[in-house]
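Asker: Mind having a look at this structure? Questions to follow.
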Amino acid sequence: MLTPGNKKLGGRRIWGFSLPSGRPEICTGMSAQCHEHCYARQMERLRPAVLARYEKNLQLSQLSDFEQRVRYFILNHEIAVVRLHVGGEFYSPVYARKWLRIMRRLPDVRFFVYSRAWRDDHIRAALERMTQLPNCCLWYSCDKGTGVPGSVTPRVRLAWLMTDANDRPAGGRQPHLPHPAPAPTVPNTCRWRSCLSRRGWLAEGLPHHLRLLRSMLATSARGALANSPATARAIIALPGELHSDQSIHDSP
Ligand code: SF4
């Protein structure tokens, strides 16, 4: 069900729950851009065991006692932080409300979530209720294909998938930093595709992205634990795919 992060990304303190990626019936709000650059989809293709685990999660999520199973699992393993949907999405309002109730019943557990399901009005209603919870940090993932939502409730943050150096939100709706930005700790552009195609998967691409993911996850985890708006702003400043690139448990 949930799987722990590796030692460099929070160890057993941060656990993830994922579903299969890249399928329209699961990935509500999916765009051509996120489908193309989806880290989780690449990982599932390379590691069938990961995909099998996510398929099983999908089945579990449809059970009537899913919420109870998740709650017991979290309590039994003394999990402090949950990262939802390293792969996959809130595929229906019913499923989103299940997580909303889990969050409410576990106020001492931090949940952090990146989602494109804000594009579905019914699911978005559940997401906005999640953001009202003090133990939930939620980002709307956006890109050239989705655009930026016209308005967001105050606690919702925006993350932009930057596919090249000039890829910015149109119309001046760029997620911005109200205060001076902390010094960036990762490169400004995700070069996943070029790493794979030009520099070689193992030689350059994988180590580069592991460094990128480690840096982003460490920042996210600190923000989730401290509920720090400043840290959240730093995350918004980090470009690249902030939704599915942040694999906690898939990295070696
Ligand atoms: S980025 Fe998210 S929504 Fe897009 S294909 Fe990957 S898991 Fe699905």
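The values are calculated or read from the model by the stated rules, or taken from the named source; none is laboratory data. Worth saying up front: this structure is predicted, and the values here are computed from it rather than measured. So basically every Cβ, Gly included, is an ideal-geometry build from the backbone, and we count neighbours across all protein chains shown.
Asker: When segment 89-132 is examined, which residues are found to be among the basic types (Lys, Arg), closer than 21 Å to residue 30 by Cβ and part of a helix (DSSP H, G or I)?
Answerer: Residues satisfying the conditions are 97, 98, 119, 124.
Asker: Quick check, is residue 67 closer than 17 Å to residue 92 by Cβ, without any contact (Cβ under 8 Å) to a residue 60 or more places away in the chain, assigned to a helix (DSSP H, G or I) and charged (D, E, K, R)?
Answerer: yes
Asker: Please work out which one of (1) touching a Cys at 6+ places or on another chain (Cβ under 8 Å); (2) surrounded by fewer than 22 Cβ atoms within 10 Å (Cβ to Cβ) is the condition residue 66 fails and give its number.
Answerer: In the conditions (1) touching a Cys at 6+ places or on another chain (Cβ under 8 Å); (2) surrounded by fewer than 22 Cβ atoms within 10 Å (Cβ to Cβ), residue 66 misses (1) alone.
Asker: Return the residues of segment 16-29 that are within 6 Å of the ligand (Cβ to nearest atom) and touching a His at 6+ places or on another chain (Cβ under 6 Å); say none if nothing qualifies.
Answerer: 22
Asker: Does at least one position in segment 70-80 carry a residue that is under 18 Å from the mean Cα position of the chain (by Cα) and under 27 Å from residue 31 (Cα atoms)?
Answerer: Checking segment 70-80: not a single residue is under 18 Å from the mean Cα position of the chain (by Cα) and under 27 Å from residue 31 (Cα atoms).
Asker: Out of 40, 52, 80, 32, I need the residue that is surrounded by fewer than 18 Cβ atoms within 10 Å (Cβ to Cβ) and either within 29 Å of residue 144 (Cα to Cα) or within 13 Å of the ligand (Cβ to nearest atom) (or both). Which one?
Answerer: Exactly one residue qualifies, and that residue is 32.
Asker: Do we have residue 74 as among the β-branched types (Val, Ile, Thr), at pLDDT 95 or above and part of a loop (DSSP other than H, G, I, E, B) here?
Answerer: So residue 74 does not fit the description; no.
Asker: Then there is this: Do any residues in segment 10-33 that are farther than 13 Å from residue 77 by Cβ have Cβ atoms under 9 Å from those of residues that are aromatic (Phe, Trp, Tyr) and in a loop (DSSP other than H, G, I, E, B), where the two are at least six apart or on different chains, and which pairs are they?
Answerer: Note: pairs meeting the criteria are 19/91; 23/91; 25/91; 26/91; 27/91; 28/90; 28/91; 29/90.
Asker: Can you tell me which residues in segment 99-130 are of a type in the set (Val, Ile, Thr), closer than 23 Å to residue 21 by Cβ and away from the ligand (no atom under 16 Å from the Cβ)?
Answerer: 102
Asker: Looking only at segment 133-167, which residues are in contact with a strand residue (DSSP E or B) (Cβ under 6 Å, 6 or more places away or on another chain) and part of a strand (DSSP E or B)?
Answerer: If the condition is that a residue be in contact with a strand residue (DSSP E or B) (Cβ under 6 Å, 6 or more places away or on another chain) and part of a strand (DSSP E or B), then 136, 137, 138, 139, 140, 141, 142, 157, 158, 159, 160 are the ones that fit.
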